[in-house]
Amino acid sequence: MSIAQNLELLHDQIAAACRRANRPVDEVALMAVSKFHPVECILEAHAAGHRLFGENRVQEFADKSPLVSALPGIEVHLIGPLQSNKATRAAELFHSIDTVDSLKISQRLNSAAAALNKKLPILIEVKLSHEESKHGIAPEDLPALLNALDPLKNLIPSGLMTVPPWSEDPEPARPYFQTLRRLRDEQQKLHPTLTQLSIGMSNDFAVAIEEGSTCVRIGTAIFGKRIAVSQS
């Protein structure tokens with residue numbers, strides 16, 4: 001199947017999941033995760049009408065950016081871990097940074113955004129899994145980080161994201177999604193811009209939608225298996 005056909009199928013599946021969850025379909029965005037895929041895949045998806053993309057590495061997207069940054073309506077988020085020495089470049093390249101997990105990174109992004117005269121949306125990544133490979137702030141540290149973000153006027157804390165342990169069965173992910181939603185709901189009372197829940201991937205997005213996801217991040221089901229590339 002082509003990328004356009006894959007996107008059409010996914011939109012149908014997301015709509016069906018929204019109906020089961022009694023949610024309007026326009027509450028859930030589909031992010032096409034184009035990391036490790038050639039720029040031609042982004043161009044093909046954009047030609048099919050898709051606009052929201054996720055990239056994992058600053059340098060990888062910096063290489064792609066000259067060919068895609070001027071595409072009408074395109075929006076690209078950083079969804080991989082960000083090193084502090086790449087924060088300035090990330091603020092230049094991306095429409096949102098979805099993996100913020102420290103005050104240090106936040107301060108660097110805020111300074112970079114101020115220099116660019118832009119308001120930069122961010123998501124706070126919360127680590128709910130004990131896996132060493134997962135990134136994010138501990139849930140008990142979330143309130144302090146959000147409070148520390150208040151003076152950083154060029155950042156917009158838009159929501160939370162997490163990545164549960166991978167499983168072919170989507171049900172084990174449900175408690176992680178429920179926990180993140182509870183954290184979001186608690187903190188939104190004090191931080192009203194905190195509306196988004198970026199949860200759900202190819203294997204578990206239907207469960208994530210049931211648990212309140214506002215953005216599902218899907219790569220393989222759109223672009224096929226990823227091809228790892230070396231990055232400096």
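Taken together, the values in this text are just the output of simple stated rules run on the coordinates, not laboratory data. Being a predicted model, the structure only gives us computed values, none of them experimental. Quick reminder, even Gly has a Cβ in these numbers, built from the backbone with ideal geometry, and neighbours come from all protein chains shown.
Net length available on complete extension from E40 to E132 is 29.8 nm, with 0.36 nm assigned per residue and the Cα-Cα distance removed. Taking 0.36 nm per residue of separation and subtracting the Cα-Cα distance, full extension of the segment from R23 to T193 would add 59.1 nm. The loop-placed chymotrypsin sites (Phe, Trp or Tyr not before Pro) in the range 131-204, going by DSSP, that have at most 15 neighbouring Cβ atoms within 10 Å of their Cβ come out as W166. Each principal axis of the Cα cloud of the range 95-193 was evaluated for its coordinate range; sorted largest first, these ranges are 45, 27, 20 Å. Helix content alone sets the calculated 222 nm mean residue ellipticity of the chain: runs of n ≥ 4 DSSP H residues at -39500 (n - 2.57) each, divided across all residues, give -11500 deg cm²/dmol. Strictly greater than 23 Å: what percent of every Cα pair in the chain meets that? Tail of P(r) above 23 Å: 47 percent of Cα pairs. Reported to the nearest whole Å, the Cα centre-to-centre distance from the range 14-33 to the range 161-190 is 17. The convex hull drawn around the Cα atoms of the range 12-90, when projected onto a plane and averaged over every direction, covers 6.3 nm². Residues considered: I209, I97, I105. Largest GNM mean-square fluctuation over the chain, using C-alpha springs under 10 Å, is found at I105.
Legend: distances between Cα atoms for K86/K153; K64/K86; K64/K225; K86/K189; K35/K189; K104/K225; pairs beyond 25 Å are K86/K189; K35/K189; K104/K225. Put in line by how crowded their Cβ is, counting other Cβ atoms within 10 Å and starting with the fewest, H50, H130, H135 read H130, H135, H50.
Sparsely packed loop sites in the range 136-193 (the GluC sites (Glu not before Pro) outside DSSP H, G, I, E and B with at most 10 other Cβ atoms within 10 Å) comprise E168.
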